[in-house]
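Undergrad: Input: one structure, supplied below.
The values are calculated or read from the model by the stated rules, or taken from the named source; none is laboratory data. The structure displayed is predicted, hence computed values, not measured ones. Glycine gets a Cβ as well: all are built from the backbone with ideal geometry, and neighbour counts include every protein chain shown.
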Amino acid sequence: MFSYYLQLALHSFRRSPGLTALMVIIMGIGVAASMTTYAVFRAVSGDPLPDKSAQLFVPQIDNAGPQNGSTRNHLPDALTYTDAMALMQAKAGTRQTAVYPITGHIEPSDGLQQRPFSANGYAAYADFFAMFDVPFQYGHGWSSGDDDRHTNVIAISSRLNQRLFAGINSVGRILHLDGHDYRVVGVIHDWNPQPRFFDVNNGFSFGGAPDYYLPFTRAIDLHISSNGNNNCSGSAKPVTPGWDGWLRSECVWVSLWVELPHVTAVQRYQRLLSDYAAEQQRHGRFQWASNVRLFDLNGWLDHEGVVPPETKVSVLVAGGFLLVCLVNTVGLLLAKIMRRAGEVGVRRALGASRGHIYAQFLVEAAAIGVAGGLLGLLLTAVGMHGTALLFEPGVARLARLTAGLVGLTVWVAVSATVLAGLYPAWRAARVQPSWQLKSQ
Amino acid sequence: MHIRPIASALWHHKGGTALIVLQIALTLAIVCNALCIIHTRVARLSRPSGVDEASVLAIQNQWLGDPAPQPAKALMASDLETLRQVPGVVDAYASNAFPLGDGGWSKGVRYTVDQPSPASFTAIYFADEHTLATLGLKLVAGRNFRADEIGDMGARDTLLPRVIIITKALANRLFPDGHALGKQICIGSAPSSTIIGVVERMQTWIGSYSEAWVEQSTLVPFRLLASGTVYLVRAQPGLLERVVRMGPQALVAANPLRVIGSEDVRTYEQIRATTYRKDRGMAILMGGICAVLLATTAAGIVGLTSFWVSQRRRQIGVRRALGATQGDILGYFCTENLLISVGGVCVGAMLTMALNALLVDRFEMQRLSLAYVVVGMVALLLLGQSAVLVPAWRASRLSPVEATRAT
C-alpha cells in the first residue's frame with residue numbers, strides 16, 4: 001500500500017512540479033537555518049565535563065562590598081590571592097586548585113631553528129589534573145610535593161610537544177619558558193573542554209587547547225602575572241606598589257575550584273565559606289555581612305553567561321523562521337491537495353476509507369519532507385561554513401555536522417512536513433464522494 | 001467594491017485564510033525584530049573610533065627575558081626610533097592598549113578621593129606627545145602632552161598622573177556645563193589629576209563591560225615599562241601595507257630578542273573586522289532571514305491565491321457573464337487579500353510586541369520603536385498586494401465561457 005501511495009505522490013509531483021519544488025525549497029531552507037543555529041547553540045551550551053560537573057564547585061566571596069555594586073547575584077567573579085590561599089590551606093574539599101591564566105614565550109632549544117614564540121597556559125595546583133580528568137599521553141601531572149617545594153616542572157599539550165620535541169615522549173626534557181628552565185613531567189593528550197569552564201570568568205571560554213600548565217606556587221615566586229582580568233575595584237585604598245603589594249591587595253584575579261563529592265560536603269563547604277567571610281568582617285576587613293556563594297560547574301557557566309546571546313537569539317529567530325515555513329507548507333499542501341478533491345471523491349467512491357486518504361496524503365507530505373530534509377542537509381553543510389561569519393572562530397569551529405545532526409535534520413524536516421500535512425489530509429478525508437462526483 | 005460577499009467567501013475558506021493570516025503575522029513579528037537587531041548591530045559597528053583608521057596599525061611586542069624597568073625604557077625608546085625610520089612611517093608611540101582592541105585598563109573616576117563610589121568609568125591609555133598625531137585624534141580644547149611631562153611606570157606601580165587628556169564624552173559626563181578643561185578629577189585611587197586637553201573622540205577598548213562607557217577614555221602621560229607593549233604606528237597614505245611588512249621586520253632586525261607573532265601585527269581594518277565580527281555576522285544573518293522570509297510569505301500568498309482562483313473559475317465565469325468587468329475581478333482578489341493582510345498585520349503587531357518583550361527581557365535587546373512596526377505593517381500589506389497581482393490578473397483574464405465549462 002505504501003509503495004502505491006508513493007507512486008501516487010510522485011504522480012502528483014509531476015503534475016505540479018513548481019508548487020512541489022517551492023515546498024521542498026522552503027522546507028529545506030527553514031530546516032537548514034534552524035539546524036545550523038542549533039548546532040552552534042548545542043556546541044556552546046554543552047556540559048564540558050559530564051562525568052564530574054556535579055562534584056566541581058566555584059566559591060565566591062564578596063570582598064568589594066555593596067558600595068562597589070556587589071549584590072547577592074553580582075559578586076566579584078574571581079578571588080583575591082589572600083582568600084584563594086586561605087581556602088587552599090583549609091583543604092576542605094576532596095581536591096582543590098587555585099588557577100589563573102598566564103602567557104609566556106618559549107625559546108625552542110638550539111637544534112630546531114625556530115624563533116621564540118608566545119604560548120598560553122595556566123598556573124594551577126597538582127589536584128587540577130585529577131579533578132578535571134586530564135588525560136596524559138606521556139607521564140602525568142606533578143605531585144602535591146612539587147606544589148609545596150615550588151618545583152620548576154611543567155605539563156605541556158601534545159601540540160606544544162609536537163612543536164618542540166617532534167612528538168616524542170619528552171618527559172624529563174627541559175623547556176625554556178620566559179628565561180627559566182622547566183622539567184617536563186607530562187604531555188597532555190588533546191584536552192580542551194569546551195567551554196573552558198575553569199576560565200570563563202576571563203572570557204577565554206572558547207578556543208584552542210592551552211599549551212602548558214605549571215605549579216601555581218612557582219608562578220607566584222616568579223612574579224608571573226595573570227593574563228586574565230585583574231579587578232581592583234574592591235580596594236578602598238591604593239594598591240601598594242610591587243608584587244607583594246599586589247598579592248596582599250583586594251584585587252581579584254584567582255579562580256578557585258573545589259571537588260565536593262556529596263551533599264553534606266557541599267553544605268560543610270558553604271558553612272566554611274560564610275564563616276570565613278564573617279571572620280573577615282570581625283577582623284574589620286569587610287564592612288558588610290558575609291556574602292558568599294558556591295556554584296556547581298553548570299550553575300557557574302550559566303551565571304557567567306557563557307553561551308553568547310547571539311547564539312540564543314539566532315536559534316530563536318531561526319526557529320520562528322521554521323515555524324513560518326511550516327505554516328506556509330500547510331497552506332501550499334492544502335492548495336495542492338484540495339485541487340485534487342475530485343480525485344479523492346472518485347477514490348472514496350471506489351471504496352477507499354478515510355484512513356486510506358489520510359495515509360495517501362501523509363505519505364505525500366513525508367516524501368516532500370524527505371526531499372526538503374536532503375536539501376536542508378546540503379544547506380546545513382553550507383551553513384556550517386558560514387558560522388565563522390557569525391561567531392568568533394573558537395565558537396564556529398565547534399559547530400560540526402555530526403551523524404546525530406544529519407539524522408536530526410532529516411527527522412525534523414520529515415516530521416515537520418507530516419505535521420504540516422495533517423490538516424490538509426484531514427480536509428481531504430472529509431471530502432464527500434457523492435458531492436464531488438455530482439459536481440463533475 | 002462590496003466587502004460583505006468577500007468576507008463571506010473568506011469565511012467559506014477559513015482554513016486557508018487563517019493560514020495566511022498566521023503566516024503574515026509571524027512574518028511581521030520576525031521581520032520587525034530582525035530589523036531592530038540589524039539596526040542595533042549596524043549602529044554599533046559603524047561607531048567611529050576617533051582613530052584615523054585608514055593609516056594606523058598596531059604591533060604587539062613582547063621582549064624576551066622580562067626586562068627590568070630601566071632596560072625596558074631603553075628598549076622601547078630604540079624600538080620607537082627604529083619604527084620611525086622605516087620608510088613610509090609618519091609617527092609612532094607605545095601604549096598598553098588601543099581603541100577597538102580586545103582588552104586594556106579601566107578605572108573609576110571620582111571628583112574627590114574620598115567619594116565612596118565612582119562617578120563614571122574610563123578606559124586608560126598610556127600616551128606620550130606623539131599619541132595625538134599618530135592616531136589622528138582631534139584636540140578640541142586645551143593642549144597636547146609635552147615631552148617633559150611623560151613619566152615612567154612599572155607594571156605594578158600605582159597610576160598617579162598629574163595631567164591627563166580626556167575625551168569629550170567623558171568631559172560631558174563629568175562636567176555637563178561644558179567646562180572640563182583645567183578641572184581636577186581622581187583616576188582610580190590616585191589623588192587629583194588636571195585635565196589639560198580634551199579630544200573629540202577616542203573609543204575604549206571593547207570588552208563585555210565597556211559598552212556602557214564606550215567613548216569615555218583617558219590618556220595618561222606615562223611609558224608603561226612591562227615586558228609586553230603595543231606600538232601604534234601611522235603610515236603615509238597608501239603605504240600602510242608596506243609598513244605592515246617592513247615595521248616588524250625592522251624591529252626584529254634591530255633586536256631579535258622579542259616575540260611578534262603572526263597575529264600580533266594588525267591594521268585598523270583588521271582590528272575593526274575582528275572586534276565587530278559578531279555584529280556584522282548577526283546583521284547579515286538577520287538580513288538573510290528577513291529576505292528569505294518575505295520571499296516565502298509572498299510565495300505562500302501566490303500559491304494559495306492561485307488555488308482559490310482555480311477553485312472559483314466557474315464563479316468567476318458566471319460573474320463575468322453577468323457583466324462584471326476584468327477590473328471587478330482583479331479588485332475582488334486584491335480586496336480579499338487586503339482583508340486577510342490587514343487581519344494578519346494586526347495579529348502580527350501584537351506578536352511583534354510580544355516577541356520583542358521576550359527579547360528585551362531575556363537577551364537585553366533594545367525595545368522596538370513603533371516606527372518599525374508601522375513600516376513593517378505597510379511593507380507586508382504592499383507585499384501581499386504585489387503577490388496577489390499575478391493570480392488575480394490571471395483570474396481577471398478568464399473568459400465568461402468558463403461558466404459553461406465543466407471543471
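Undergrad: Which residue pairs have Cβ atoms closer than 8 Å, lie 6 or more positions apart in sequence or on different chains, and pair a first residue in the range B:354-371 that is within 12 Å of another protein chain (Cβ to nearest Cβ) and free of Cβ contacts under 8 Å to residues at least 40 places away in the same chain with a second residue that is part of a helix (DSSP H, G or I) and of a type in the set (K, R)?
TA: Qualifying pairs under 8 Å: B:R362/A:K312; B:F363/A:K312.
Undergrad: Also: Of a type outside the set (S, T, N, Q), within 32 Å of the chain's Cα centre (by Cα) and farther than 22 Å from B:I289 by Cα: does that describe A:L405?
TA: Details: of a type outside the set (S, T, N, Q): yes; within 32 Å of the chain's Cα centre (by Cα): yes; farther than 22 Å from B:I289 by Cα: no.
For A:L405, the condition - of a type outside the set (S, T, N, Q), within 32 Å of the chain's Cα centre (by Cα) and farther than 22 Å from B:I289 by Cα - is not met.
Undergrad: Which of the residues belonging to the range A:382-400 are surrounded by fewer than 17 Cβ atoms within 10 Å (Cβ to Cβ) and either outside the structural domain of A:C325 (by TED's automatic domain parsing) or aliphatic (A, V, I, L, M) (or both)?
TA: A:V382, A:A388, A:L389, listed by residue number.
Undergrad: Of all residues being of a type in the set (G, A, S) and over 20 Å from B:Q216 (Cβ atoms) in the range B:29-56, which is nearest to the chain's Cα centre (by Cα)? Just the residue, please.
TA: The first filter runs over the range B:29-56 and keeps only residues of a type in the set (G, A, S), leaving B:29, B:34, B:43, B:46, B:49-50, B:54-55.
Adding the requirement that they be over 20 Å from B:Q216 (Cβ atoms) leaves B:29, B:34, B:54-55.
Details: B:A29: 22, B:A34: 14, B:A54: 19, B:S55: 22 Å.
In this case the residue turns out to be B:A34.
Undergrad: How many of the residues making up the range B:317-353 are surrounded by fewer than 21 Cβ atoms within 10 Å (Cβ to Cβ), small (G, A, S) and in contact (Cβ under 8 Å) with a residue 40 or more places away in the chain?
TA: Selection size over the range B:317-353: 6.
Undergrad: When you go through (1) out of contact with any helix residue (DSSP H, G or I) (no Cβ under 7 Å at 6 or more places or on another chain); (2) modelled with pLDDT of 95 or more; (3) part of a loop (DSSP other than H, G, I, E, B) one by one for B:N144, which number turns out not to apply?
TA: So the condition that B:N144 fails would be (1).
Undergrad: Applying the selection to the range A:291-320, what residues are within 14 Å of another protein chain (Cβ to nearest Cβ) and of a type in the set (A, V, I, L, M)?
TA: A:V306, A:V307, A:V313, A:V315, A:L316, A:V317, A:A318
Undergrad: Which members of the range B:194-226 meet the condition of being among the polar types (S, T, N, Q) and either touching a Leu at 6+ places or on another chain (Cβ under 7 Å) or crowded, with 23+ Cβ neighbours inside 10 Å (or both)?
TA: Applying the first criterion (among the polar types (S, T, N, Q)) to the range B:194-226 yields B:194, B:203-204, B:208, B:210, B:216-218.
Listed by number, the residues that qualify are B:Q203, B:T204, B:Q216, B:S217, B:T218.
Undergrad: Say whether the condition of being of a type in the set (A, V, I, L, M, F, W, C) and within 44 Å of the chain's Cα centre (by Cα) is met by at least one residue in the range A:340-357.
TA: Filtering the range A:340-357 for residues of a type in the set (A, V, I, L, M, F, W, C) gives A:341, A:344, A:346, A:349-350, A:352, A:357.
Next, only the ones that are within 44 Å of the chain's Cα centre (by Cα) stay: none.
No, the range A:340-357 contains no residue that is of a type in the set (A, V, I, L, M, F, W, C) and within 44 Å of the chain's Cα centre (by Cα).
Undergrad: Find the strands (runs of 3 or more DSSP E) located wholly in the range B:184-279 whose residues include 3 or more that are closer than 30 Å to B:S117 by Cα, and list them. Walk me through it before giving the result.
TA: Working: elements: B:184-187, B:193-199, B:217-220, B:222-225, B:228-235, B:265-267.
Passing ranges, in order: B:184-187, B:193-199, B:217-220, B:222-225.
Undergrad: Do we have B:D102 as of a type in the set (D, E, K, R), crowded, with 16+ Cβ neighbours inside 10 Å and within 14 Å of chain A (Cβ to nearest Cβ) here? Lay out the reasoning, then the answer.
TA: On the way: of a type in the set (D, E, K, R): yes; crowded, with 16+ Cβ neighbours inside 10 Å: no; within 14 Å of chain A (Cβ to nearest Cβ): yes.
Spelling it out, it is not the case that B:D102 is of a type in the set (D, E, K, R), crowded, with 16+ Cβ neighbours inside 10 Å and within 14 Å of chain A (Cβ to nearest Cβ).
Undergrad: Residues in the range A:355-404 that are modelled with pLDDT under 85 and not small (G, A, S): how many?
TA: Count: 14.
Undergrad: Name, by its number, the condition in (1) over 24 Å from B:P191 (Cα atoms); (2) in contact with a His (Cβ under 9 Å, 6 or more places away or on another chain); (3) in the same structural domain as A:Y100 (by TED's automatic domain parsing); (4) not polar (S, T, N, Q) that does not hold for A:V254.
TA: The single condition A:V254 does not satisfy is (2).
Undergrad: Go through the range A:303-320 and give me each residue that's without any contact (Cβ under 8 Å) to a residue 12 or more places away in the chain and small (G, A, S).
TA: A:G305, A:G320 - these are the residues of the range A:303-320 that are without any contact (Cβ under 8 Å) to a residue 12 or more places away in the chain and small (G, A, S).
Undergrad: Now for a separate question. Hey, among the residues in the range B:308-341 that are among the charged types (D, E, K, R) and part of a helix (DSSP H, G or I), which one's nearest to the other protein chains (Cβ to nearest Cβ)? Don't jump to the end; show me each part of the working.
TA: First, the residues of the range B:308-341 that are among the charged types (D, E, K, R): B:312-314, B:319-320, B:328, B:336.
Next, from what is left, pick out any that are part of a helix (DSSP H, G or I): B:313-314, B:319-320, B:328, B:336.
On the way: B:R313: 12, B:R314: 9, B:R319: 18, B:R320: 20, B:D328: 24, B:E336: 15 Å.
Checked the range B:308-341; the qualifying residue nearest to the other protein chains (Cβ to nearest Cβ) is B:R314.
Undergrad: While we're on this one: Look at B:G344 and say whether it is within 14 Å of another protein chain (Cβ to nearest Cβ) and in a helix (DSSP H, G or I). Steps first, please.
TA: Working: within 14 Å of another protein chain (Cβ to nearest Cβ): yes; in a helix (DSSP H, G or I): yes.
Judged against the criteria, B:G344 is a match.
Undergrad: Could you check how many residues of the range B:266-282 are more than 8 Å from chain A (Cβ to nearest Cβ) and surrounded by 22 or more Cβ atoms within 10 Å (Cβ to Cβ)?
TA: 2
Undergrad: Let me ask you something else. Does the range B:161-176 contain any residue that is surrounded by fewer than 17 Cβ atoms within 10 Å (Cβ to Cβ) and touching a residue at least 24 places away in the same chain (Cβ under 8 Å)?
TA: Checked against the condition, which is being surrounded by fewer than 17 Cβ atoms within 10 Å (Cβ to Cβ) and touching a residue at least 24 places away in the same chain (Cβ under 8 Å), the range B:161-176 yields at least one hit.
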